[in-house]
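Chemist: Take a look at the following structure, please.
The values are calculated or read from the model by the stated rules, or taken from the named source; none is laboratory data. What you see is a predicted model; the values in this text were computed from it and never measured. Please note: Cβ atoms are built from the backbone with ideal geometry, for glycine as well, and neighbour counts cover all protein chains shown. Quick note on the areas: whole protein, heavy atoms, side chains included, nothing else; ligands and nucleic acids left out. Shrake-Rupley method; radii C 1.70, N 1.55, O 1.52, S 1.80 Å.
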Amino acid sequence: ALKANIASPTFTGVPAAPTATAGTNTTQVATTAFAKAAADAAGKVLQVVTDKIASTFSTSSQNVFVTTGQSLAITPSSTSSKILIMFSAKSVKTVAANTAIHIEVRRSGTTVTQGGYYTAQQAGNQTVPFGVIHTLDSPSTASEVTYEVFASEGGVAGTVSLNGPREITLMEIAG
């Protein structure tokens with residue numbers, strides 16, 4: 001029987017090889033089944049969890065982040081998964097000129113995204129739409145991870161508020 005050269009062999013017919021398990025990252029040969037599975041999975045939304053709170057959160061904790069009491073957990077199905085984090089609030093309120101509200105979303109104490117609003121020279125009692133803070137996080141784990149929302153007041157001393165509804169949504173994206 002004919003045999004292929006060891007260096008740069010040319011295969012004929014329909015050669016077969018074992019299909020590696022998903023997530024394999026080695027120099028072994030990748031079959032078309034492995035490549036198709038990887039392409040089909042990448043970028044897909046695997047799960048969505050959300051937490052919505054109707055109440056308003058207020059703080060006068062100047063330049064010190066405190067928990068808003070809003071957190072959400074998700075368990076990624078793979079260590080290569082990404083988590084799309086989105087936090088929104090109806091509006092923010094500041095009660096004095098030159099006052100700011102700072103928001104952070106943290107995973108296990110580490111800030112993964114942040115945002116805020118600053119009143120500049122406007123008079124007090126400013127209520128403005130807040131919008132959405134979002135980021136793509138790579139927790140590199142298949143264990144449960146918890147994301148928590150923190151806020152602080154900055155600038156001139158006063159009280160700042162995140163007006164409800166406040167919502168945090170976590171989406172697992174296949175990596």
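Chemist: Rounded to a whole number, what % of the accessible area of the chain do carbon and sulfur atoms account for, probe 1.4 Å? All intermediate terms of the calculation are to be shown ahead of the outcome.
Modeler: Working: 5430 of 9970 Å².
In the chain, the share of accessible area belonging to carbon and sulfur is 54 percent.
Chemist: Additional query: Can you compute the charge dipole magnitude of the chain about its Cα centre, using +1 on each Lys and Arg Cβ and -1 on each Asp and Glu Cβ, nothing else charged? Give it in debye, rounded to the nearest 20. Walk me through the intermediate numbers first.
Modeler: Numbers: 10 positive and 9 negative charges, 62 e Å.
The calculation lands at about 300 debye.
Chemist: Can I ask one more? Could you give the distance between the Cα centres of region 1-73 and region 100-161, to the whole Å?
Modeler: Cα centroid to Cα centroid, the span is 28 Å.
Chemist: Which Cα, out of Ala38, Val49, Thr19, lies furthest along the positive dipole direction of region 1-101 (beta carbon charges, K/R +1, D/E -1)?
Modeler: Comparing the listed Cα positions along the dipole, Val49 ranks first.
Chemist: Using a 1.4 angstrom probe, figure out how much accessible area the chain has per residue, in square angstrom, rounded to the nearest whole.
Modeler: Details: 9970 Å² over 175 residues.
Computed with neighbouring chains in place, this is 57 Å² per residue.
Chemist: Going by alpha carbons, how many degrees (0 to 90, nearest 10) lie between the helix axis of 32-41 and the longest principal axis of the chain?
Modeler: 10
Chemist: Whats the longest run of the chain with zero trypsin sites (Lys or Arg not before Pro) that are DSSP loop and have at most 12 other Cβ atoms within 10 Å? Provide the component values of the computation, followed by the final result.
Modeler: On the way: sites that count: Lys3, Lys44.
Value returned for the longest uninterrupted segment is 45-175.
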